[in-house]
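What follows is calculated from the coordinates using simple rules that are stated; it is not laboratory data. Since we're looking at a predicted model, the values are computed, not measured.
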Amino acid sequence: MIDPQALRRAFDALPERTRKVFWLHRVDDLSYAQIAERLGITIEEVQTEIANALYGIDRLLRDVAPTDREPPAAGRTNRSRGSHRCWWRWWRRYW
């Protein structure tokens, strides 16, 4: 289980624009197009900011939190984006 304060610190460590885009999408449940229109940026920038937020939170929590992800098979690297879903579950549970 992840510490809510650690999650909050990881979220607060993100750049302001990344935090804002991530919050609008994941908490306020706005679409990419709505976020792009509201902030005056492109949809591709919204997608990039959300990916950056997921990567940043994952990177900052990696040392703090246990993970429910299985290690990759020997000789293979795990490059799937699906591994971020576990952080989303924790995010929804504690936010």
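Between Thr42 and Arg59, the contour length at 0.36 nm per residue exceeds the Cα-Cα span by 3.6 nm. Near the amide H of Leu30, within less than 5 Å, lie the amide hydrogens of His25, all on another chain or at least 5 residues away, with H placed in the peptide plane.
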